[in-house]
Every structure is written in structure tokens, then in C-alpha cells.
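The values are calculated or read from the model by the stated rules, or taken from the named source; none is laboratory data. The model shown is predicted, which means the values in this text are computed figures rather than measured ones. Cβ coordinates were reconstructed from backbone atoms using ideal geometry, including for glycine residues, and neighbour counts include every protein chain displayed.
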Amino acid sequence: MTEFVLGSVLESVRPRCIAILAVSVLLGGCAGAARIPEDSFYRLEIAAPAIRLPAPALTGVLVVQSGTAAPVYRDRALLYSEPETPARLQRYHYQYWIDTPPQLVQRSLADYLRAAGVATDVVLPEEGIDARYRLRVDIERFEHRRGRAGGEVAVGLRLTLAERASGTLLAQEFLQGDAAVQGNDFSAVAAAYRQALTDLYGRILTRVRALDSTGR
């Protein structure tokens, strides 16, 4: 009698145990499938110019200022556009710069021009140094154009160089730089940005060197 009762109890419990086990396995599988990707962050380090000018092109201190940029370019997320809709920008998920593009460009350009010896010294506004010249950099384009292979990155900068005391405008122009993405991952995209900016900074250096700094 005791064995019969025990057997009946086991038979009634068994289906519920199997059901609970099945639900546990199902939930465990869902949890594994719903793993969220980790965020990735990219630096924008630009190599110093190959040569240093024998003498400064600008006699005095130059301050590099971050200018205007559309709100989407002040976000740290990497941006892209599709070939079919080039006017539409979208954000990559989980892929970020370590700082906003305006800050990255401002600091890397200041470092580049300082290493080139383009002025007596090159500083940032937060250093609080009285500068004779001001170079403002506006970002008008900063995106990855997806396409065949890895696509390309496009960077557009508008530069304004002026003498601070007099307000004399020394140079103002828009520069566009593109670089092909040599790979199919985001590290290759970041490398293409570095290449595009290196080329642009070289052109900026050439432009400043061409200025007649006599009497300045």
C-alpha cells in the first residue's frame, strides 16, 4: 500500500518537474541569445608632421578654437550614410569616439601645428594664454559613406584664421578630405578618419606657410 501511494505521488510530480526543467532550459537559451554587445571606443591620434619648419610662419602665439558643428556631429557615436540615401545620416550602435569630433579635431590639429612649428607656440583656449592669432575650425562633415568594399570616410572642415587684436582676416576656406576604408571592421573606419585628417592637416599647414607674415 505504501509503495502504491509513493508511486502515485511520483507519477503526479514527474510532469511538473519536466515542465519546470523545460522552462528553465528555454529561459537559459533566451538569456544567452540576448547578449548585448559591448561598447567600443576609438581614439583619433594623428602622427606628427615629417618635418618641422625652420622658422615659424606666424610670429606669435596661435590659439586653436573649436568652432560650430551640427548637433549630430557633436555626438560621440560614429555616423554613416548609405549609397541609396546619401543625405540621411544614421548612428552606429555601440561604436563611439572617446570624445566629440569637435574636441578631437581641435586638440589633434593643435598638436600637429605645434609639432610643425607653424607659430611661436600653439595653444588651446583653456590654457588661458594671450594669443596673437586665432584659428577656428568648424566641422561641416564627419561621416562614413558605406559602399562597395569598406566605403570611405568624408571630413569637411571650414577654417578661419584671424589676428585677434585687429580682427584682420588672414585666411578662410573650406577643405574636404576623403579616405577609403581598408577593411571591414570599425578599426579600419577609424584608421580611414586618421588618414583623412592627416591629409587635411598637411594642407592646412601648407596654407598657413604660404601666408606673408612680414610685420606680424
Within the stretch 173-200, tally of residues that are more than 15 Å from the chain's Cα centre (by Cα), charged (D, E, K, R) and surrounded by 13 or more Cβ atoms within 10 Å (Cβ to Cβ): 1
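Of these, LEU79, LEU124, LEU104, which one is in contact with a strand residue (DSSP E or B) (Cβ under 7 Å, 6 or more places away or on another chain), more than 23 Å from GLU143 (Cβ to Cβ), surrounded by 14 or more Cβ atoms within 10 Å (Cβ to Cβ) and at pLDDT 95 or above?
Details: LEU79 fails: more than 23 Å from GLU143 (Cβ to Cβ); LEU104 fails: more than 23 Å from GLU143 (Cβ to Cβ).
So the residue among LEU79, LEU124, LEU104 that is in contact with a strand residue (DSSP E or B) (Cβ under 7 Å, 6 or more places away or on another chain), more than 23 Å from GLU143 (Cβ to Cβ), surrounded by 14 or more Cβ atoms within 10 Å (Cβ to Cβ) and at pLDDT 95 or above is LEU124.
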Any hit, the stretch 158-166, residues being over 29 Å from ALA210 (Cα atoms), of a type outside the set (Lys, Arg) and either in a loop (DSSP other than H, G, I, E, B) or free of Cβ contacts under 8 Å to residues at least 24 places away in the same chain (or both): no
So LEU159, is it surrounded by 17 or more Cβ atoms within 10 Å (Cβ to Cβ), at pLDDT 95 or above and closer than 23 Å to ALA131 by Cα: yes
Out of ALA165, ALA154, ALA119, ALA110, sole residue that is surrounded by fewer than 17 Cβ atoms within 10 Å (Cβ to Cβ) and hydrophobic (A, V, I, L, M, F, W, C): ALA165
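Condition check: among the aromatic types (Phe, Trp, Tyr), farther than 22 Å from ARG43 by Cβ, part of a strand (DSSP E or B) and modelled with pLDDT of 95 or more. Does PHE174 satisfy that? First the steps, then the outcome.
Details: among the aromatic types (Phe, Trp, Tyr): yes; farther than 22 Å from ARG43 by Cβ: yes; part of a strand (DSSP E or B): yes; modelled with pLDDT of 95 or more: yes.
Against the criterion (among the aromatic types (Phe, Trp, Tyr), farther than 22 Å from ARG43 by Cβ, part of a strand (DSSP E or B) and modelled with pLDDT of 95 or more), PHE174 qualifies.
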